[in-house]
1. What is the stretch B:166-236's relative contact order, in percent, from Cα pairs under 8 angstrom and six or more apart in sequence?
2. Treating only the Cα positions of the stretch B:34-160 as identical point scatterers, give the base-10 log of I(q)/I(0) from the Debye formula at each q in 0.17, 0.18, 0.19, 0.21 Å⁻¹.
3. Got a number for the accessible area of residue A:75? Probe 1.4 Å, square angstrom, nearest 10.
4. Along Cα→Cβ, 7 Å out, is where each label goes; now give me the distance between the ones at residue A:401 and residue A:374 in nm to one decimal.
5. Peptide A:199-205: average number of partner chain Cβ atoms within 10 Å per residue?
6. What angle, in degrees between 0 and 90 and rounded to the nearest 10, separates the Cα long axis of helix A:148-163 from the longest principal axis of the Cα atoms of chain A?
7. Straight distance only, please: which lysines reach the Cα of residue A:29 with their own Cα at less than 17 Å, same-chain residues fewer than 8 apart left out?
8. Taking the solvent-accessible surface of protein heavy atoms with a 1.4 Å probe, what is the per residue accessible area of chain B in Å²?
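The values are calculated or read from the model by the stated rules, or taken from the named source; none is laboratory data. Everything numeric in this text was worked out from a predicted model, so none of it was measured. Cβ coordinates were reconstructed from backbone atoms using ideal geometry, including for glycine residues, and neighbour counts include every protein chain displayed. Each accessible area value is taken on the protein alone, full model and side chains, heavy atoms only, with ligands, DNA and RNA left out. Shrake-Rupley method; radii C 1.70, N 1.55, O 1.52, S 1.80 Å.
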Protein chains: 2
Amino acid sequence: MFTKTPPKGMRDILPQDLSVREQVLDVIKTTYRGFGFLGIETPCVEDLGLLTGKQGGDNEKLIFKILKRGEKLDLNTQSEEGQLCDLGLRYDLTVPLSRYYACNQGKLPSVFKAMQIGNVWRAERPQKGRFRQFVQCDIDIIGEESYLAEVELITATSKALSNLGLKDFVIRINDRRMLTSFAEYCGFESARHEALFIALDKLDKIGMDGVREELSQHGFDADKTEKFLNLINDLTNGEDALQRAAKVNAEAAENLQRIKAVTSVSAHDCRIVFDPTLVRGMNYYTGTIFEVSYGDFGISVAGGGRYDKMLGMFLGTSVPACGFSIGFERICTILEQMNKDEKPTQNKIAYIVDKDISVENLQKVLADSEEKRQQGNVCMLAKKIKNFGFLLKQLREQGFETILMLDNDGIRKVD
Amino acid sequence: MFTKTPPKGMRDILPQDLSVREQVLDVIKTTYRGFGFLGIETPCVEDLGLLTGKQGGDNEKLIFKILKRGEKLDLNTQSEEGQLCDLGLRYDLTVPLSRYYACNQGKLPSVFKAMQIGNVWRAERPQKGRFRQFVQCDIDIIGEESYLAEVELITATSKALSNLGLKDFVIRINDRRMLTSFAEYCGFESARHEALFIALDKLDKIGMDGVREELSQHGFDADKTEKFLNLINDLTNGEDALQRAAKVNAEAAENLQRIKAVTSVSAHDCRIVFDPTLVRGMNYYTGTIFEVSYGDFGISVAGGGRYDKMLGMFLGTSVPACGFSIGFERICTILEQMNKDEKPTQNKIAYIVDKDISVENLQKVLADSEEKRQQGNVCMLAKKIKNFGFLLKQLREQGFETILMLDNDGIRKVD
């Protein structure tokens, strides 16, 4: 006998859950289309060399690798993962989008506003609420180097979240160049910046003392660390933090200031705040970064940023790019809890038929159901079984409020 | 530099093509929902043991296999594909649906009408119009042993195809039990039936002489072969073919007769015909089988049948099941050719802005665009570039018929 359960860390989606997911996707797509974003699709599978190109940070360790096939596979001579496998399941949508743009550039507008929605896979250790296959919803603007890209991405994403019924979320923004300037200002050499940012990224979990401790363990100079933490602390507070940050990196601060000023008006149901502690994990970010936090626990429900160097790895010449990704699975979890008791809008009608119903009568029932379907109802057949009460109970549980039967007097309602 | 092209046999989908695909999916989903089918989703990845369980016929040779991860992988001791891999990409939606039903039976109606739409993968030799990742759209009725299942599947699928704009298609029906009875009637032993049906399946490509030749090469008895081909030939013609077929298998013939009689009225824009040469490749079919042919060349655009034994392999007890699958990729190809010159229905508005536009003016533009978006328009920003004529040309090519600019007099139209 075969196993009944889905593979470890993956899941089956039940009809009522899929219905919520499709409604969420529909709102997101409709909103983004309204802003002129064009839907695209890339294969779920990409060349392994592309996926392991050091763009995805830690996610590259989590790739599902696909065995070579046919003549390309020689189990006698090939014995390393890189030799045995040639493809992998994508771990995000940004790397595939970059390849897509490079491949299809001639057929796309020179400033390309893309929307991509699809599954991604990561072989993470399974834990509650995290899955090894999950959906991402990304919008990206390729070919726009100015802050107009950030403004449109933030405005559209806040509108999508607002249309989904989320209120009072916070969009935190920062700039990777700002982080680098902080590090330089405090005297850290560039080889140590990544480790510094990884520690800073944990601030909300381990606090200032935890970050200080981690940096000390990694051998960071205590005086410089103190200077860095004081700077971060100072810039975390006050409406004029960006003016003060301008002393460290005027260009990045001014850019953030403009984005903040415009989106404070254009973005919906949210606050925009400068957060000097925001890091974002991916190695590919080069400028503005942003993240949306929702609710009392500040759950991250969306994030993104500018990645001006990635396209250059495909094209030779650099092309600016900036993207925003909605954490679809978290949104669905939040909305499931918000809308638990929502009723379906379509009327559902079941026609109970005897298994020995005559051909003519079955034709009559089907004609009647097609007429009612044209009027916007859901109509289906249900075969009469011995336990009639159980059948009615099951149909009512499925939302069939109108139940019909054919007898000598024609089609009549069952009470 | 990274490679720009998608993996061999896979493809990137351009915005205009995705738009057609999403419209097709929308029509199919809306139609099937109207018949009470409930959407479900299973992971793209399944246990390799499940996928190689001899249900999928030749498709099992085409599975993309996924390398084990972490401690489960030991390249020193494991050297066969079955040891190295534990998962695979699904090659159809029927095997996963069966596992899904077995796993979630307690949460589903006792007669379960499922709709599943998703990608499947087959490592076929790439050829024109065939891809290694492609979409299938399936509906299935689980738990209904009577012909009511076939009637509802055929009625709903013909309605979906009709709603998509396809007319004059033919639904051919047959029964696996009928094929078996043909073979027994002609004296072939059961071990040879599969080879016999494989040859018969090629009739439309190689003709009667070709089938005779192939059977002769496989050592089939010439007299029996002649009897078989005469029987098939006889039953291919005439309105009363099913009455004559009843002499070989009365139960199957009567069942087909009833399905044909009901769906001749309930199914839309199509003809229903009995086709004694219809075989269908999958090993899992046990009863009725059907296939939809479209156009002068009789391209197959949908197919399915009854598979009453598959659920038993998960549950121990047998549960009847019957399904119909629309060949989504072929439908898209047909519709792309039919609707080449269709116009988008939404009005598209572009706001050209200078990169040095003031914060206040940008806020004004965004407010105006949000207002127009609320009225159902697509609105986006486009940054002014030196070559203004090129910008206008690109925007018009993208379908932006209304182009606006902000100057001292406010927002005005560009001619």
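1. Values: 29 pairs, mean separation 21.1, N = 71.
Relative CO of the stretch B:166-236 lands at 30 percent.
2. So the normalised log intensities are -0.98, -1.05, -1.12, -1.24.
3. Surface open to solvent at residue A:75 totals about 60 Å².
4. For the pair residue A:401/residue A:374, the computed spacing is 2.4 nm.
5. Numbers: counts 0, 0, 0, 0, 0, 0, 0.
Per residue, the average neighbour count from other chains is 0.
6. The angle comes out near 40 degrees.
7. A:113, A:159, B:29, B:348
8. Working: 18420 Å² over 415 residues.
The answer is 44 Å² per residue.
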